[in-house]
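First comes the structure, then the notes that go with it.
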Amino acid sequence: MGQLYFRQLLAGRDFAQATPYAAQMQNFVYLVGDRETGEALVVDPAWAVREIVAVAEADGMRIAGALCTHYHADHIGGTVFGIHIDGLSTLMEVAPCPVHVHRLEADGVRQVTGLSTTDLVIHDSGDVVQVGDIPIELLHTPGHTPGSLCFRCGASLVAGDTLFLQGCGRVDLPGANPDDMFRSLQKLRSLPPETVLYPGHDYGGPHAELRDVAAHNDYLKIPDLATWRRLMGT
Ligand SMILES: [Fe+2]
């Protein structure tokens, strides 16, 4: 077993089995850490945060921070369409820790979760967050939201709602920008083909190498911005 601790948890299946809507939404939560120091970061804690923390603890890991791919409530908690989703506010109670967000996402994260400015660590693209001796690189990939982030750790790419095995994140919601999404997808497509994509939802599967995603995901095959705009109707 290596030093890197990496777990993918599907809401409604691996945890939050009793939480309404969790299974329908098919959100993935990730734990990334250093087995030697016993520290882990949780990516997009939502749906049943106490259970996520318990999974980490059962593996001998302590939650040392949270990474937010973006501010939507199904990823970090909050109330949407009158439904309350468990998330970061619970994490602040049960395992208080720094919450890492992109600069352009901070306001949204505060509004959706009720967290305060002092709970957040503001980042720009290219920043590296260290968990134990494991570095995690932050890539700014706007489009789905202004401050969407992807996280690179070794050969793994945790991509939130920027890229799924099938399709990409919606660009018709408030704050979305279709042109930015095109450029972000090009950025991800330029990563080494052996990079393993770990998406924010189980849309088409839990993980795959980028070379396979590029071969099967039509959104990565669009050659230029003009074609993209035509296909997206923008
Ligand atoms: Fe989203």
What percent antiparallel are the DSSP beta bridges of the chain, to the nearest 5?
-> 65 percent
In percent, what relative contact order does the chain have, based on Cα pairs under 8 Å that are 6 or more apart in sequence?
-> 14 percent
Charge dipole (debye, nearest 20) of region 4-232; +1 at Cβ of Lys and Arg, -1 at Cβ of Asp and Glu = 520 debye
With each pseudo-label sitting 7 Å past Cα toward Cβ, what's the Glu57-Val121 distance in nm, one decimal?
-> 2.3 nm
With Cys150 itself left out, Lys, Arg at +1 and Asp, Glu at -1 over residues whose Cβ is under 15 Å from its Cβ give -3
Does region 1-137 classify as rounded, prolate or oblate by the C-alpha gyration tensor (a ≥ b ≥ c root eigenvalues; a/c under 1.5 gives rounded; else a/b over b/c gives prolate, otherwise oblate)?
-> oblate
Cβ-based exposure ranking for Ser184, Ser156, in which fewest neighbours within 10 Å come first | Ser156, Ser184
The local net charge around Gly114, scoring Lys/Arg +1 and Asp/Glu -1 for residues other than Gly114 whose Cβ lies under 14 Å from its Cβ, equals -3
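All of the numbers you see were taken from the coordinates with simple rules; none came from a lab. The shown structure was predicted, so the numbers you read here are calculated from the model rather than taken from an experiment. Note that each Cβ is placed from the backbone with ideal geometry, even for glycine, and that neighbours are counted across all protein chains shown.
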